[in-house]
1. Please identify the chymotrypsin sites (Phe, Trp or Tyr not before Pro) of region 102-202 that satisfy two criteria: DSSP loop assignment and at most 14 other Cβ atoms within 10 Å. Which are they?
2. Hey, any idea what % of region 75-202's accessible area is carbon plus sulfur with a 1.4 Å probe?
3. Tell me the label-point distance for the pair E62, W105, using the 7 Å Cα-to-Cβ offset, in nm and rounded to one decimal.
4. Quote the Stokes-Einstein diffusion coefficient, in whole µm² s⁻¹, for region 86-186, based on the Kirkwood radius over alpha carbon pairs, a temperature of 37 °C and a viscosity of 0.692 mPa s.
5. Around E62, under 13 Å between beta carbons, what's the net of Lys plus Arg minus Asp minus Glu among the other residues?
6. Mind giving me the nanometre distance, one decimal, between the label points for N189 and E53, set 7 Å out from Cα along Cα→Cβ?
7. Where Lys and Arg each count +1 and Asp and Glu each count -1, what net charge lies around W105 among other residues with Cβ under 12 Å from its Cβ?
8. For R50, what charge total do you get from the other residues with a beta carbon under 13 Å from its beta carbon, if Lys and Arg give +1 and Asp and Glu give -1?
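The values are calculated or read from the model by the stated rules, or taken from the named source; none is laboratory data. Note that the structure is predicted; figures quoted are calculated from it, not measured. Reconstructed Cβ throughout: ideal geometry from the backbone, glycine too, with neighbour counts over all protein chains shown. Remember, those area values only see protein heavy atoms, side chains included, never the ligands or the DNA or RNA. Shrake-Rupley method; radii C 1.70, N 1.55, O 1.52, S 1.80 Å.
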Amino acid sequence: MKRFTGVKGTLILLVLVGAMVAYYGYLSSKSSQKAAQDSTVSKVQSVLLRDLELNYPSTVREVVKYFGDITLCLFSGSCDENDIDKLAAKLFQLFDGELAENNSWADYLVRLHGEIDEYQKAGQTVTGYAPAGSANVNFFDQDGYEWARLYCTFYIKTGKESKVTNQIFLLRKDADRHWKIYGWDLAENVDLTQEETVTEEN
C-alpha cells in the first residue's frame, strides 16, 4: 500500500478529511431535521389522541393549555392539510355554543387555513405559550352563568426575530360543567372595567 507523501499527499489527505467532515455535517443536519419533524408529528398525534368526550380539560387553565397545544401544532409549519382539519375539529370542541354558532364549521375552516397560509408566507411560527397560573384565573357570575378570564402569552418567531402576543381568554361553564372558550382577544384591546370583556372571534 502506498503512503501519501509530500505536499501532494497532504493536500489529498486534507481534501478527504474535509469531505468526510462535510458528509458528517450533512448527515447530522438531516438527522436533526428528522428529529424535529418526528417531534412535531409526535406532538400532533398526542394532541389528536385526546378524547374530549371522555377526557375534557377539568380547569380553565387546562382548557387554555390544550388550546395552546393545538395552536403550536397548527402554526408549526409542519402540519399537512389532513392534520390541520383534525386539529381544527379538536379546537372547535373547546368553543362555547354561542361561539360555535357564530362560526360555522365550513367558514371557520376556511379562515383557519387562510391564517395558517399567511403565517407561512410571512415565515412565522408559534414557538411557545405561557398561560397565567391557576391563582390568576378571574372568576365571576353574570347573566346566570359562571365565567372566567385567563391571560396567556404566545411566542412568535419570524426568521431570527421573536415577539410575544398577550391574549385574554373568556370562558363560560356549560350545562355539563365544562369550561368552554367564549372568545379571546389581544390584552391591549380588552377593557376589564367594562362588562363586555372579550370580543368573540367571528
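1. Filter output for region 102-202: empty list.
2. Using a 1.4 Å probe with all protein chains present, region 75-202 comes out at 45 percent carbon and sulfur.
3. 2.6 nm
4. Rounded to a whole number, D works out at 215 µm²/s.
5. Neighbourhood net charge equals +3.
6. 3.5 nm
7. Within the 12 Å Cβ shell, the charges total -2.
8. Taking every other residue near R50 into account, the sum is 0.
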